[in-house]
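Only the coordinates and a few stated rules stand behind these numbers; no lab work does. Keep in mind the model is a prediction, meaning the values are calculated, not measured. Methodologically, a virtual Cβ is constructed for each residue, glycine included, from the backbone with ideal geometry; neighbour enumeration extends over all protein chains shown.
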Amino acid sequence: MDIKPIRSEADHETALRRIEALWGAHAGTTSGDELDVLATLVEAYEREQYPVDLPDPIQAIRFRLEQEGKDYRALVGVIGQRTRVYEVMRGDRALSLNMIRNLHRNLRIPAEVLIQPKSKRKAPRRRPLRGQSFQKRSQRQAR
């Protein structure tokens, strides 16, 4: 058993090929132990080199509802009343601590997913003041 740390993509490929060769080795044997150690090393390398971002909280809620065959009505009482549910699901309102607790408890969504800040959205366009366009206002201010 010649095991080395995985430091490069070439080391990673070599370890993966060796894991394929050892696949199916019985636990407690030398081959089984080598397979366990290599799998742990590969997992650590991949976690560091290819991190997976957590999903957006609202997308995670939608996904869980879809998994359970439910719609937004299932969130009434968990997040709040119907209008509060729609505000949150549209992204107009952030999740509060109580909402996060209830979603975690009732829908089993990991808390670390829910406590992330909401995704960046386009800022709402502001209407010009008193019917003026932005260009007209900036021209007047430049004078």
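Mind checking whether some residue in the range 69-91 is among the hydroxyl-bearing types (Ser, Thr, Tyr), exposed (fewer than 11 other Cβ atoms within 10 Å of the Cβ) and assigned to a helix (DSSP H, G or I)?
Applying the first criterion (among the hydroxyl-bearing types (Ser, Thr, Tyr)) to the range 69-91 yields 72, 83, 86.
The next check asks that each one be exposed (fewer than 11 other Cβ atoms within 10 Å of the Cβ); those that pass are 83.
Pick out the ones that are also assigned to a helix (DSSP H, G or I) and you get 83.
Among the residues of the range 69-91, at least one is among the hydroxyl-bearing types (Ser, Thr, Tyr), exposed (fewer than 11 other Cβ atoms within 10 Å of the Cβ) and assigned to a helix (DSSP H, G or I), which makes the answer yes.
Could you please tell me which pairs satisfy a Cβ distance under 9 Å, a separation of 6+ or placement on different chains, a first residue in the range 3-30 that is of a type in the set (Lys, Arg), and a second residue that is surrounded by fewer than 10 Cβ atoms within 10 Å (Cβ to Cβ)?
Short answer, once both residue conditions are applied: none.
Out of all the residues in the range 43-66, is one or more small (Gly, Ala, Ser) and on the phi > 0 side of the Ramachandran plot?
Initial filter on the range 43-66 (small (Gly, Ala, Ser)): 44, 60.
So of that shortlist, the ones also on the phi > 0 side of the Ramachandran plot come out as none.
Looking for residues that are small (Gly, Ala, Ser) and on the phi > 0 side of the Ramachandran plot, one finds none in the range 43-66, hence no.
Here is a check on your reading of the model: is Gln59 of a type in the set (S, T, N, Q) and either assigned to a loop (DSSP other than H, G, I, E, B) or surrounded by 15 or more Cβ atoms within 10 Å (Cβ to Cβ) (or both)?
Against the criterion (of a type in the set (S, T, N, Q) and either assigned to a loop (DSSP other than H, G, I, E, B) or surrounded by 15 or more Cβ atoms within 10 Å (Cβ to Cβ) (or both)), Gln59 does not qualify.
Looking at (1) farther than 17 Å from Ile115 by Cα; (2) assigned to a helix (DSSP H, G or I); (3) of a type outside the set (Val, Ile, Thr), find the lone condition where His104 falls short.
His104 satisfies all of (1) farther than 17 Å from Ile115 by Cα; (2) assigned to a helix (DSSP H, G or I); (3) of a type outside the set (Val, Ile, Thr) except (1).
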